[in-house]
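Inspection log for the structure reproduced underneath, given as structure tokens.
The values are calculated or read from the model by the stated rules, or taken from the named source; none is laboratory data. Only a predicted model underlies this, so the values are computations on that prediction, with no experimental measurement involved. Glycine also receives a Cβ, built like all others from the backbone with ideal geometry; neighbour counts cover every protein chain displayed.
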Amino acid sequence: MKIQQFLEHHGLNSNPFADEDAQTDQVFKGGCIRSVFHPAWDKIYGNPAEPATSVVFGEKGAGKTAMRLQVIRRLADYNADRPEHQVFVVQYDDFNPFLDRFRESFSGRRRRIDRALSNWRLWDHIDAILSLAVTQLVDRILEVRQARHPAARDEPLPIEKLDANHARDVLLLAALYDLSTAESPGTRWKRLRKKLRFPTWKSKWDIALGGVVAAITLALFAWLGRSNVGAMWPWVLAAIVAGWLPWAARIATFTWKAWQIARNTRVLKHAIRPLRKLLLNFPASQLANQPLPRSQQTDSRYQLLDKLQSALRAMQFEGIVVVVDRVDEPYLINGSSELMQALVWPMLDNKFLKHPGLGLKMLLPAELERMVDRQDREFHERSRLDKQNLVRSLAWTGQSLYDLANARLKACAADGKAPTISDLLDPAIDVRRLKDALATLRVPRHLFKFIYRLFTTHCNAHSDDAPVWRIGQGEFESVLALYQRDQDALDRGVGAG
């Protein structure tokens with residue numbers, strides 16, 4: 001008996017439980033993403049008009065990736081309905097490039113990932129988030145069609161609303177944090193400057209001074225010095241050198257600044273010369289007292305974050321939502337609880353998590369939740385997790401998994417059909433027993449695996465010429481018992497899932 005034959009008999013066009021990863025799950029994306037939510041959804045999502053932080057712990061398969069996709073989809077709908085009060089969304093879920101660059105900033109034994117991560121700090125997270133946000137912002141200002149960003153509208157950004165100071169701030173942020181590899185940094189920055197109509201001619205005064213002094217000196221030498229070339233020549237050279245000294249001093253100053261920035265933005269990969277060339281485009285008056293990430297501290301990063309938020313507000317973005325996910329997936333972390341803790345703990349800072357206009361949706365592995373209670377008083381006073389919309393467990397009840405199974409069946413049903421999970425089972429399995437059984441599975445991924453295995457076992461036990469359209473109670477209980485054994489092995493770390 002074929003599974004497709006069994007499904008078609010019950011009015012299903014496809015198997016609702018064949019896919020286990022929300023990233024590639026077309027049933028979820030097509031039929032459930034806007035309608036099926038975890039019971040804690042409202043607390044996690046919050047109100048986009050006032051972005052707030054949520055810290056969520058969930059075991060593998062609990063739906064963290066699905067929730068990330070749902071947050072982004074709901075925010076995309078929110079932005080579509082409120083173009084004058086949008087939310088800027090940043091996905092902070094690919095840590096590999098940042099960890100690689102961070103590790104490269106160390107040498108010798110300090111490059112061991114455990115030793116390197118012991119030096120990871122909050123400002124490294126802020127640098128990474130700023131780089132993602134600024135790269136997205138520049139892409140959208142330049143209308144780069146190849147780039148796709150979460151919850152972004154297709155309309156061009158209203159850059160005409162930016163004043164001169166906002167334009168300077170965006171260009172400064174782009175010089176420091178734009179990580180696009182689509183074109184050279186200089187070419188992309190110049191395109192951005194032209195788009196924002198930001199003048200840079202005042203920054204060339206030292207070059208103009210050196211050229212004018214050299215021209216006047218050589219002209220005077222040609223007029224007065226012919227009769228005494230030997231005596232006049234040293235004075236000519238001295239005058240020319242003096243004319244170019246301001247330019248040389250400015251080059252030296254900005255080379256030093258570029259070196260400091262490259263050294264202290266450890267999750268980025270700045271080349272000193274291109275960075276210096278970009279910074280030289282700003283007149284000295286425009287960079288006076290401007291924050292630059294020249295040291296390992298958070299103050300300048302908060303100020304740069306404020307500049308980004310101010311520019312975004314001018315372009316009708318009321319807040320920023322940063323979705324943090326997949327902290328267990330980087331190859332250098334490799335699922336290690338201790339390494340995840342070293343990476344995540346610096347971000348758990350109440351000042352950062354409660355930064356005005358910024359909301360972090362932190363979807364973290366359950367292993368970290370067990371470590372929270374073992375932390376000292378200083379950690380709890382710094383993080384204030386009690387104020388962060390904390391969800392300690394993304395567990396699902398039997399009732400919520402029952403509703404989820406029915407929702408997926410409905411999403412795959414043919415027109416006019418509305419099968420439920422009970423319709424596929426023998427009437428001897430009452431709804432109460434079914435919900436109790438599903439409760440032992442805990443999370444959607446185990447639910448999908450169990451029901452898929454149940455379908456497969458049932459169809460393999462019957463032939464095409466003698467089909468049985470309902471799964472018997474004995475079959476159900478035996479498959480459940482075997483699956484619970486495998487689930488227990490997985491929980492103990494000795495099974496493949």
Problem - Search result, residues across the range 382-429 that are in a loop (DSSP other than H, G, I, E, B), within 19 Å of His458 (Cβ to Cβ) and not aliphatic (A, V, I, L, M) - result: Cys412, Pro419, Thr420, Asp426, Pro427
Problem - Breaking point among (1) in contact (Cβ under 8 Å) with a residue 60 or more places away in the chain; (2) hydrophobic (A, V, I, L, M, F, W, C); (3) assigned to a loop (DSSP other than H, G, I, E, B), for Trp123 - result: (3)
Practice task
List every residue pair whose Cβ atoms lie under 6 Å apart, where the two residues are 6 or more positions apart in sequence or sit on different chains, the first residue falls within the range 318-334 and is in the same structural domain as Met362 (by TED's automatic domain parsing) and more than 16 Å from Leu364 (Cβ to Cβ), and the second residue, located anywhere, is part of a loop (DSSP other than H, G, I, E, B) and of a type in the set (Val, Ile, Thr).
Solution key: none
Problem - Hey, Ala62 assigned to a helix (DSSP H, G or I), of a type in the set (Gly, Ala, Ser) and in contact (Cβ under 8 Å) with a residue 24 or more places away in the chain or not - result: no
Exercise for the section: Just one of (1) assigned to a helix (DSSP H, G or I); (2) touching a Lys or Arg at 6+ places or on another chain (Cβ under 7 Å); (3) not β-branched (Val, Ile, Thr) trips up Arg433, so point out which. Expected result: (2)
Practice task
Would you be able to say whether some residue in the range 245-262 is outside any helix (DSSP H, G or I) and in contact with a helix residue (DSSP H, G or I) (Cβ under 7 Å, 6 or more places away or on another chain)?
Solution key: no
Practice task
Pull up the range 22-55, narrow it to residues that are of a type in the set (Ser, Thr, Tyr) and not in a loop (DSSP other than H, G, I, E, B), then point me to the one that is farthest from Ala411 (Cα to Cα).
Solution key: Ser54
Practice task
Determine the pairs where a residue that is farther than 16 Å from Val90 by Cα, located within the range 291-310, has a partner that is surrounded by 15 or more Cβ atoms within 10 Å (Cβ to Cβ) and of a type in the set (Gly, Ala, Ser) with Cβ atoms under 9 Å apart, the partner being 6 or more residues away or on another chain.
Solution key: Pro291/Ser300; Leu292/Ser300; Pro293/Ser300; Arg294/Ser300
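Which of the following residues is out of contact with any Pro (no Cβ under 9 Å at 6 or more places or on another chain), in contact (Cβ under 8 Å) with a residue 12 or more places away in the chain and assigned by TED's automatic domain parsing to the domain that holds Pro346: Glu143, Glu104? It would help to see each step written out before you state the result.
On the way: Glu143 fails: out of contact with any Pro (no Cβ under 9 Å at 6 or more places or on another chain).
Residue meeting the stated conditions: Glu104.
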Handout entry: Boolean, Gln70 is of a type outside the set (A, V, I, L, M), part of a strand (DSSP E or B) and under 18 Å from Val324 (Cα atoms)
Key = no
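Residue by residue through the range 100-115, note down the ones that are of a type in the set (A, V, I, L, M, F, W, C) and assigned to a helix (DSSP H, G or I). Can you show your working first?
If we filter the range 100-115 for residues that are of a type in the set (A, V, I, L, M, F, W, C), which is where we start, we get 102, 106, 113.
Result: Phe102, Ile113.
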Problem - Unique match (being aromatic (Phe, Trp, Tyr) and without any contact (Cβ under 8 Å) to a residue 60 or more places away in the chain) among Trp396, Trp345 - result: Trp345
Handout entry: Options Leu171, Leu176; residue that is more than 20 Å from the chain's Cα centre (by Cα) and surrounded by 18 or more Cβ atoms within 10 Å (Cβ to Cβ)
Key = Leu171
Handout entry: Checklist (1) basic (Lys, Arg); (2) under 28 Å from Lys361 (Cα atoms); (3) out of contact with any helix residue (DSSP H, G or I) (no Cβ under 6 Å at 6 or more places or on another chain) applied to Arg384, failing item
Key = (3)
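Out of all the residues in the range 162-210, which are in a helix (DSSP H, G or I), farther than 17 Å from Gln290 by Cβ and charged (D, E, K, R)?
The first filter runs over the range 162-210 and keeps only residues in a helix (DSSP H, G or I), leaving 164-177, 185-196, 201-210.
Retained after the next criterion (residues that are farther than 17 Å from Gln290 by Cβ): 185-188, 190-192, 194-195, 201, 204-210.
Selection gives Arg188, Lys190, Arg191, Lys194, Lys195, Lys204, Asp206.
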Handout entry: Candidate set: the range 272-299, residues that are part of a helix (DSSP H, G or I) and over 19 Å from Thr255 (Cβ atoms); chosen: the one farthest from the chain's Cα centre (by Cα)
Key = Ser285
Exercise for the section: Run down Glu381, Glu367, Glu338 and say which single residue is in contact (Cβ under 8 Å) with a residue 24 or more places away in the chain, over 26 Å from Tyr45 (Cβ atoms) and in the same structural domain as Gly63 (by TED's automatic domain parsing). Expected result: Glu338
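Keeping to the range 349-376, report how many residues are part of a helix (DSSP H, G or I) and of a type in the set (Lys, Arg).
As a first pass, look at the range 349-376 and keep what is part of a helix (DSSP H, G or I): 350-353, 366-372.
Checking which are of a type in the set (Lys, Arg) leaves us with 351, 370.
Residues meeting the conditions: 2.
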